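Report on the structure given below.
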Amino acid sequence: MKDHLYSERFACPVDNISLPEIEPRLLSFNSPHGACPVCSGLGTLLEIDETTILNPILSIAEGGILPWSKLATSDTWFTRLIEAVGKEYGFDVNTRLGQLKPEARKVLISGAGKEEFKVEGRNRQGRWTHFYSSFQGLVSYLKERYQESESDFVKAEIEKYMYKESCPKCRGARLKDEALSVTINSLNIAEVTSQSIIQALEWIKKIELSVREIQIATPILKEITARLQFLVDVGLDYLTLDRASMTLAGGESQRIRLASQIGSGLSGVLYVLDEPSIGLHQRDNARLIETLKKLKSLGNTVIVNEHDGETMEAADLLIEIGPGAGEHGGKIVFMGTPQQIKKDPASLTGQYLSGKKKVTANSHPGERSGLTAQDDKKVLKVIGATEHNLKNINVCFPLGKFIAITGVSGSGKSTLIHDILYRALAQKIYRSREKAGAHKDLEGTENIDKVVLVDQSPIGRTPRSNPATYTGAFGHIRELFAQAPEAKIRGYRPGRFSFNVKGGRCEVCEGEGTLKIEMQFLPDVYVTCEACNGARYNREALEIHFKDKNIAEVLNMTVEEALKFFENIPQIKNKLQVLNDVGLGYIRLGQSAPTLSGGEAQRIKLSSELSKRPTGHTLYILDEPTTGLHFADIGRLLTILRKLVNFGNTVVIIEHNLDIIKNTDWIIDLGPEGGDKGGKIIAEGSPQALSKTKSSYTGQYLARIL
């Protein structure tokens, strides 16, 4: 007769392991009950990158230890400790770090173990003293400083020399071993969530359960299936379930929220969506429109702020506001059905929808259907790109051309251009510390002397930043006011007309024109400064006039008004003219950066680049610059981009808008799908050549309009 040992606490007498009761919190990496104890549920650890902390061409005294470059000449006990280490290993603070012997470099980076060094010098009282200390190495010291510091600034500085590494304990799964031991159909929860949404949906449908398990799981499976299906319906089937929210594009985040609203089944709700088609390929537009119609069919009202023609034509009611932008707008130009707007001659939108007007670029080079990437000697080539879902691809970028990167959402466009091409060039040209995505090599970089990423991030995050300061026009305006006779009599210099320094600015609001009121658990509120009434300057500065206008009145001008006002001042006029050319004549010179939209910020950056002297060897990278742009504005944008190319520069643009794509010189189409099913080059060539490629979704849609 054998004894059998049973446990009510999920304990194993052989391995001496005991599991707690299985409950939802055990399977959550946001709970201490389920999170991996090493990475605290993050799945990654921040490690010091040894290759970035030393500059080989400098000595320690010259700031060669980059995290301490500002303290290199300071006589601290830490620098004395390094000097003591150097005495033992044959170097001093004046030795170039690139000339260190391998053993000395290893000690400096990783430490000398238990070996102790005599550190001597004068203390604060001026007495000569000494002590013995071990040296743990720069990497260990930085890690310790990062973990112990409560200063966000110190942490941010150290993070410049760190990289993310998968947690060695959970290998990126984020959960404890106990949670990962729970499986369904041989898969644990981390393996299930690492699947794409479409794969997870198929897996859920194929789960085999017993009769008893079916009774328990049916309502749960029904809810999971419905939610996954909603995500598929809005074109997000390529995303993995464990994708970090910070890596999602704005359009993806908006569509996830849209899917959750459909799942709620609410009715009688007013939904307002701002450009939901952002980042969406034409192929997936129909699915998004069907989703919006589903919301309407549930008894809801859906208001969409949109510039996409297909979405406009699917609407029940169109309201056009205009006729222009800024002060020239604000009126209802049209209200009616899509069919009615096409017949209204007063509607600019209607003229584009009806085909009476078309988006074209001035100075387009014409038909180049026979062009190939190798036709031009100067080519930038990415070899062996394997980051994320890219399938070991080689990509040629013909230089001096207008290039579009196309493909369905999730096909690998941003990975190729942002993570690999931009970062690799930034490392090469600017010695950037940001690591490029996985690739074998980048050829042709000798033909590029500058790379510019023109994205939709704000030109500044405080009211101090504005179009005048960003474009450099404000410097010339301040010099102009300093030349005024009254300013010369009073001895005012250009700095007197800056709202960023003491002197001419209002000291109550410190030149911001507004006062920030912290609302604790609510968003901060900005109110107009009562001392200067938003003018930003004190009385003395406002007494100086140029052509009967003071500095605050000039900053309050629109670009159009300022162009006339400064028509005889070339330095200022040229910068303002470019702003006007990109369609921003309605914005005010002193308009604070937080009030500008992403599209406006991007066009301000473009105008800033256009106002500089062209080198002809610059690579400009833009990610969906048509976001928030009307058909007429897209035409202006095309003209600007074509100007950059005509100067001999190269423009690479990630885009879904067919009006832009059809006006490019060269297209690189990725796909065929998103996620794991993407990452391949489907086709490349001129728009005309791509329109004949049946395997390309982009080509199929181009064929309809060319």
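The values are calculated or read from the model by the stated rules, or taken from the named source; none is laboratory data. Remember, predicted model here, so these are calculated numbers, not experimental data. Quick reminder, even Gly has a Cβ in these numbers, built from the backbone with ideal geometry, and neighbours come from all protein chains shown. Heavy atoms of the whole protein, side chains included, go into the accessibility calculation; ligands, DNA and RNA do not. Shrake-Rupley method; radii C 1.70, N 1.55, O 1.52, S 1.80 Å.
Close Cβ contacts (under 6 Å, 6 or more residues apart or on different chains) running from residues in segment 271-290 that are under 19 Å from Leu702 (Cα atoms) and in a helix (DSSP H, G or I) to residues that are open to solvent by 10 Å² or more (accessible area, probe 1.4 Å) and modelled with pLDDT of 85 or more comprise Gln282/Tyr701; Arg283/Tyr697; Asn285/Glu310.
In segment 360-373 there is no residue matching the filter, namely being under 34 Å from the mean Cα position of the chain (by Cα) and modelled with pLDDT of 90 or more.
Restricting attention to segment 687-706, which residues are outside any helix (DSSP H, G or I) and under 30 Å from the mean Cα position of the chain (by Cα)? Answer for segment 687-706, where residues must be outside any helix (DSSP H, G or I) and under 30 Å from the mean Cα position of the chain (by Cα): just Ser696. In segment 148-172, the qualifying residues are those that are open to solvent by 40 Å² or more (accessible area, probe 1.4 Å) and hydrophobic (A, V, I, L, M, F, W, C), and the one that is nearest to Ser28 (Cα to Cα) is Ala156. Between residues in segment 295-307 that are in a loop (DSSP other than H, G, I, E, B) and residues that are open to solvent by less than 70 Å² (accessible area, probe 1.4 Å) and of a type in the set (Phe, Trp, Tyr), which pairs lie under 8 Å by C-beta distance while being six or more apart or on different chains? These pairs meet every condition: Asn300/Tyr271; His307/Phe631. Pairs are defined by a Cβ separation below 6 Å, a sequence spacing of at least 6 or placement on different chains, a first member in segment 201-222 that is under 22 Å from Leu239 (Cβ atoms), and a second member that is in a helix (DSSP H, G or I); the pairs so defined are Leu201/Leu228; Ile204/Ile224; Ile204/Thr225. Quick check: anything in segment 526-536 out of contact with any strand residue (DSSP E or B) (no Cβ under 8 Å at 6 or more places or on another chain), in a helix (DSSP H, G or I), free of Cβ contacts under 8 Å to residues at least 12 places away in the same chain and of a type in the set (S, T, N, Q)? Checked against the condition, which is being out of contact with any strand residue (DSSP E or B) (no Cβ under 8 Å at 6 or more places or on another chain), in a helix (DSSP H, G or I), free of Cβ contacts under 8 Å to residues at least 12 places away in the same chain and of a type in the set (S, T, N, Q), segment 526-536 yields no hits at all. Mind listing just one residue for me: the one in segment 297-336 that is under 30 Å from Glu561 (Cα atoms) and in contact with a Lys or Arg (Cβ under 9 Å, 6 or more places away or on another chain) and, of those, modelled with the highest pLDDT? Ranking the qualifying residues of segment 297-336, first place goes to Ile321. Cβ separations smaller than 7 Å between residues 6+ apart or across chains give the following pairs from segment 248-265 residues that are exposed (fewer than 14 other Cβ atoms within 10 Å of the Cβ) to residues that are not in a helix (DSSP H, G or I) and not small (Gly, Ala, Ser): Gly265/Leu298.
Among residues of segment 87-100 that are surrounded by 15 or more Cβ atoms within 10 Å (Cβ to Cβ), those with a beta-carbon under 8 Å from a residue that is of a type in the set (Ser, Thr, Tyr) at least six positions away or on a different chain give the pairs Val93/Ser59; Val93/Thr79; Thr95/Ser59; Arg96/Ser59; Leu97/Ser59.
Taking the options Leu576, Leu619, Leu589, name whichever one is aliphatic (A, V, I, L, M), at pLDDT 90 or above, in contact with a Lys or Arg (Cβ under 9 Å, 6 or more places away or on another chain) and crowded, with 21+ Cβ neighbours inside 10 Å. Please lay out each step first, then the result.
Details: Leu576 fails: in contact with a Lys or Arg (Cβ under 9 Å, 6 or more places away or on another chain); Leu589 fails: in contact with a Lys or Arg (Cβ under 9 Å, 6 or more places away or on another chain).
Exactly one of Leu576, Leu619, Leu589 is aliphatic (A, V, I, L, M), at pLDDT 90 or above, in contact with a Lys or Arg (Cβ under 9 Å, 6 or more places away or on another chain) and crowded, with 21+ Cβ neighbours inside 10 Å, namely Leu619.
Could you check segment 412-435 and list, in sequence order, the residues that are at pLDDT 90 or above and assigned to a loop (DSSP other than H, G, I, E, B)? Listed by number, the list holds a single entry, Gly412. Scan segment 122-154 for residues that are among the hydrophobic types (A, V, I, L, M, F, W, C) and under 23 Å from Lys164 (Cβ atoms) and the total you get is 5. From the set of residues in segment 461-502 that are surrounded by fewer than 16 Cβ atoms within 10 Å (Cβ to Cβ) and under 22 Å from Tyr526 (Cα atoms), which is nearest to the chain's Cα centre (by Cα)? Here the residue is Arg461. Only residues that are modelled with pLDDT of 85 or more, among the basic types (Lys, Arg) and assigned to a loop (DSSP other than H, G, I, E, B) were counted across segment 436-484, and they come to 1.
Looking across segment 512-533, the residues that are at pLDDT below 90 and buried (at least 18 other Cβ atoms within 10 Å of the Cβ) come down to Glu512, Gly513.
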